[in-house]
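The values are calculated or read from the model by the stated rules, or taken from the named source; none is laboratory data. Remember, it's a predicted structure, so these values are computed and weren't measured experimentally. Note: ideal-geometry Cβ built from the backbone for every residue, glycine included; neighbour counts use all protein chains shown. In case anyone asks, the SASA skips ligands and DNA or RNA and just uses the protein heavy atoms, side chains included. Shrake-Rupley method; radii C 1.70, N 1.55, O 1.52, S 1.80 Å.
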Amino acid sequence: QVQLVESGGGLVQAGGSLRLSCAVSGSIFGINAMGWYRQAPGKQRELVASITGSGITNYADSVKGRFTFHRDNAKNTVYLLMNSLKPEDTAVYYCAGTAGLVAINGKYDYWGQGTQVTVSS
């Protein structure tokens, strides 16, 4: 069974930084394309950042220049480095993955349980 486990969420003041981690285990065929999503209370889940199997990253306009998607293949872990955090970044953050090199139609097969990020003003 593939498992994705997020960590690193917490409470931070506006302007601060956090690093979210997503550890991947139990994968025989490998997880290639991955994404970070977030869902704020009362809002739809949105894609924050993604990375293809070849390492191409893409970011939502709202986080461009502030968030960085980093992959460490040796550790089977991906990271979301979040700088200059704003109160509107407050949400539960989820990592997702698929064995494909890209997420076809944005579909991911595996999901983590989520980690809460709260940014105070």
- Long-range neighbours under 8 Å by Cβ, at least six apart or interchain, first residue at pLDDT below 95 within the range 53-80, second open to solvent by 50 Å² or more (accessible area, probe 1.4 Å) and of a type in the set (A, V, I, L, M): G53/L101; G53/V102; S54/L101; H70/L81
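Go through the range 17-37 and count every residue that is assigned to a strand (DSSP E or B) and closer than 17 Å to Y110 by Cβ.
Within the range 17-37, the first condition is being assigned to a strand (DSSP E or B), and the residues that meet it are 18-25, 33-37.
Still in the list and also closer than 17 Å to Y110 by Cβ: 20-25, 33-37.
Number of matching residues: 11.
Got at least one residue in the range 58-74 being open to solvent by less than 70 Å² (accessible area, probe 1.4 Å) and at positive phi?
no
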- Message: I want to confirm something. Restricting to the range 2-52 and keeping residues that are open to solvent by 60 Å² or more (accessible area, probe 1.4 Å), within 19 Å of P87 (Cβ to Cβ) and not charged (D, E, K, R), which single residue is nearest to the chain's Cα centre (by Cα)?
- Response: Q39
- Query: Which one is farthest from L47 (Cα to Cα), of the residues in the range 93-113 that are at pLDDT 95 or above and surrounded by fewer than 18 Cβ atoms within 10 Å (Cβ to Cβ)?
  - Reply: Q113
- Across the range 1-38, what is the total count of residues that are closer than 22 Å to T90 by Cβ, polar (S, T, N, Q) and touching a residue at least 60 places away in the same chain (Cβ under 8 Å)? 3
- Keeping to the range 10-45, report how many residues are over 19 Å from D72 (Cβ atoms) and in contact with a strand residue (DSSP E or B) (Cβ under 6 Å, 6 or more places away or on another chain). 9
- Just checking, which of S21, S120 is in contact with a helix residue (DSSP H, G or I) (Cβ under 8 Å, 6 or more places away or on another chain), among the small types (G, A, S) and modelled with pLDDT of 95 or more? S120
